[in-house]
Amino acid sequence: MTRYILGRLGGVVLILLAVCLFTYLIFFELSPDPAVMICGKTCTPERIDSIRDVLGLNQPILTQFWDFLSGIFVGRDYGSVHCSAPCLGYSFQTNESVWSMITARLPVSVTVAVGAAVLWLLAGVLGGLISAVKQGTWWDRSAMALALGGVSVPNYVLALVLQYVLVVKLQVLPFPSVVSFVDNPVVWFESYLMPWVVLAVGYACLYARLTRSNVIDTLSENYFRTARAKGLSGALIMRRHALRPALTPITTIFGMDFAGLLGGALITETVFGLNGIGKMAADSIAKNDQPVIMAVTLLAAFFVVIGNVVVDLLYTALDPRVRVVSS
């Protein structure tokens, strides 16, 4: 098991290095000249050359990439300015440290992702389980029809509808804003409730359909009928023999979905005006702020790769067959 974990961690390092190199090539070699973007349209050629020298853009590409990569761990110098580790550069628009921008906005994205994940797991898995047990009944048909409708509605449309109904018309919720939980827990909850619901609806509908399908397949297995013939309680059979095997594919999808949201829920954060990683990415794309875009890309890749490793480790707890193979 230890060798398996070390092997997976080694693979993570290699994947992240490849992502770093690929991302760096795209944003600093295939994109417009960063020196021209920083300097502006009325800049002189001498000034552009000076900026290139400060950024190290006159160096060979591998040297540039090594400076960028080493800056993440030990920091680097931009002329007379020292960028402390982890150094991801400075924004072309605000000249602010990209790492400082990320750390200031990451708690917002984490709050949105965690709250939405709790909602969609509870609603999706529970709804799918009930539909599987009540297969063919009015509950099953109604729940699956509702799930199909929920998947079909874009989250930005649902966000605008909720804002109009709950904030403008009924005025039962305030417009979302970034408020500390310690300062005002009630306003904090009310501010994040709509983003949580908007993100959770689509995922919950998908998880409900997936859970229902997996549980129905499990109910037809021989070991399930054997457990029922032994006289085990219905709750125990459903928890241990039906739901547990059905959770394996759900775990895979959840790990990827949740890791992706940690990298920023771009549309939801932008619609609700929450200053998280997703909104920062949207603003940076609109302004072509290359260091910020690249940093968000690397952050999202990091969460996805780590989420994949965590899912693989969870498999050993859910499925003993995987435990045997990995050992």
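The values are calculated or read from the model by the stated rules, or taken from the named source; none is laboratory data. None of these values were measured; they are calculated from a predicted model. Heads up, the Cβs are rebuilt from the backbone with ideal geometry, glycines too, and the neighbour counts pull from every protein chain shown. Quick note on the areas: whole protein, heavy atoms, side chains included, nothing else; ligands and nucleic acids left out. Shrake-Rupley method; radii C 1.70, N 1.55, O 1.52, S 1.80 Å.
Here are a few things to note about the model shown:
- In the range 124-163, the qualifying residues are those that are of a type in the set (S, T, N, Q) and not in a helix (DSSP H, G or I), and the one that is most open to solvent (accessible area, probe 1.4 Å) is Gln135.
- Residue pairs whose Cβ atoms lie under 6 Å apart, separated by 6 or more positions or on different chains, with the first residue in the range 277-290 and at negative phi and the second at pLDDT 85 or above and outside any helix (DSSP H, G or I), are Asp289/Ser91.
- Residue match in the range 263-280 (condition: more than 15 Å from the chain's Cα centre (by Cα), open to solvent by 30 Å² or more (accessible area, probe 1.4 Å) and of a type in the set (Lys, Arg)): no
- Considering the range 164-213, and only residues there that are closer than 29 Å to Asp140 by Cβ and among the charged types (D, E, K, R), the residue that is surrounded by the most Cβ atoms within 10 Å (Cβ to Cβ) turns out to be Arg212.
- Selection status of Ala227, in contact with a Leu (Cβ under 7 Å, 6 or more places away or on another chain) and assigned to a helix (DSSP H, G or I): no
- Residue within the range 35-54 that is among the basic types (Lys, Arg), more than 20 Å from Val296 (Cα to Cα) and surrounded by 17 or more Cβ atoms within 10 Å (Cβ to Cβ) present: yes
Let's see how each residue does on (1) at pLDDT 70 or above; (2) closer than 13 Å to Gly127 by Cα:
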site: Ala204; (1), (2): yes, yes
site: Tyr207; (1), (2): yes, yes
site: Ser213; (1), (2): yes, yes
site: Leu219; (1), (2): yes, no
site: Phe224; (1), (2): yes, no
site: Ala229; (1), (2): yes, no
site: Leu232; (1), (2): no, no
site: His241; (1), (2): no, no
site: Pro245; (1), (2): yes, no
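- Of all residues in the range 164-177 being part of a loop (DSSP other than H, G, I, E, B) and over 27 Å from the mean Cα position of the chain (by Cα), the one that is nearest to Phe189 (Cα to Cα): Val172
- Looking at Ile5, Ile15, Ile38, Ile51, just one residue is out of contact with any helix residue (DSSP H, G or I) (no Cβ under 6 Å at 6 or more places or on another chain) and either among the β-branched types (Val, Ile, Thr) or under 22 Å from Ile285 (Cα atoms) (or both), and that residue is Ile5.
- Asp283 touching an Asp or Glu at 6+ places or on another chain (Cβ under 9 Å) and open to solvent by 10 Å² or more (accessible area, probe 1.4 Å): yes
- Test for Ile253: is it surrounded by fewer than 18 Cβ atoms within 10 Å (Cβ to Cβ) and in contact (Cβ under 8 Å) with a residue 40 or more places away in the chain: yes
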